[in-house]
Amino acid sequence: MIVHLSGTLLEATPLEAVVDVGGVGYAVSIPVTTAEKLPSPGKNVSLHTLSVYREDAQTLYGFHRREERDFFRLLTEKVSGIGPKLALAIMSGLSLASLRQAIASGDAATLAKCPGIGRKTAERLCLELKDKVGLPTAASPGASVTGTGESAPAAGGDTRISDAVAALVALGFKLEAADRAVRRALDKAEDGATTEELVRAALR
């Protein structure tokens, strides 16, 4: 099973990346949240991957962080009725931190806004994963793989992200809008930016 790819990004769309590894081009299905982190074509990229084998297809799914790949596996293996395509749509709608928060709090209404997710599926997600997702903690280990192959703090294990999202929600933002704003702020922020700095950047 292929669990990691590192090579040159040849091309990318919001839902697929083609990575050249030793002269072989791998087509990798990705969520939008991973596409947002990709470097420009021609630069090095690393992805945490999961291979899914079916009778009629062999598909490789890739993610910016290991925790995202593991959450994708959790969706497809532990929730009835959730296949790889639907799991990818769910992970394209919200960041991992916000998905965990919504599931842990039983917020089916927010989950139902993800592409392809109805109210019943959202409620099933909450019911079947509530005790499995856990909420992010400051001590949670993890590494974010960037286009240069360097490691950075993992958003899914960083309370700054969920705290900043919660702060924006308290200010009147809808969860999905707050999540997008914090993700954009995080991309532009310096390493070690505080929750308050992320909130201020998201409000600009």
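The values are calculated or read from the model by the stated rules, or taken from the named source; none is laboratory data. Bear in mind that the values here come from a model prediction, so they are computed numbers and not experimental data. Positions of Cβ are generated from backbone atoms using ideal geometry, with glycine treated the same way; all protein chains shown enter the neighbour counts.
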Quiz item: Hey, does segment 189-203 have a residue that's assigned to a helix (DSSP H, G or I), at pLDDT 80 or above, over 30 Å from Leu9 (Cα atoms) and of a type in the set (A, V, I, L, M)?
Solution: yes
Quiz item: From the residues in segment 78-134 that are of a type in the set (Lys, Arg) and under 24 Å from Ala181 (Cβ atoms), which one is surrounded by the most Cβ atoms within 10 Å (Cβ to Cβ)?
Solution: Arg100
Quiz item: closer than 24 Å to Ala181 by Cα and in contact with a strand residue (DSSP E or B) (Cβ under 9 Å, 6 or more places away or on another chain): does that describe Thr59?
Solution: no
Quiz item: Tally time: how many residues in segment 1-58 are part of a loop (DSSP other than H, G, I, E, B) and in contact with a His (Cβ under 8 Å, 6 or more places away or on another chain)?
Solution: 2
Quiz item: Conditions: (1) part of a loop (DSSP other than H, G, I, E, B); (2) within 11 Å of Leu175 (Cβ to Cβ). Thr110 meets all but one. Number of the miss?
Solution: (1)
Quiz item: Taking segment 29-87 as the search range and keeping residues that are touching a residue at least 24 places away in the same chain (Cβ under 8 Å) and among the acidic types (Asp, Glu), which one is farthest from Ala102 (Cα to Cα)?
Solution: Glu36
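Conditions tested, residue by residue: (1) surrounded by 13 or more Cβ atoms within 10 Å (Cβ to Cβ); (2) in a loop (DSSP other than H, G, I, E, B); (3) at pLDDT 75 or above.
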residue	(1), (2), (3)
Thr137	no, yes, no
Pro141	no, yes, no
Thr148	no, yes, no
Ala152	yes, no, no
Gly156	yes, no, no
Val169	yes, no, yes
Phe173	yes, yes, yes
Practice problem: Give the number of residues within segment 50-68 that are surrounded by fewer than 21 Cβ atoms within 10 Å (Cβ to Cβ) and either over 22 Å from Thr13 (Cβ atoms) or not hydrophobic (A, V, I, L, M, F, W, C) (or both). | Solution: 8
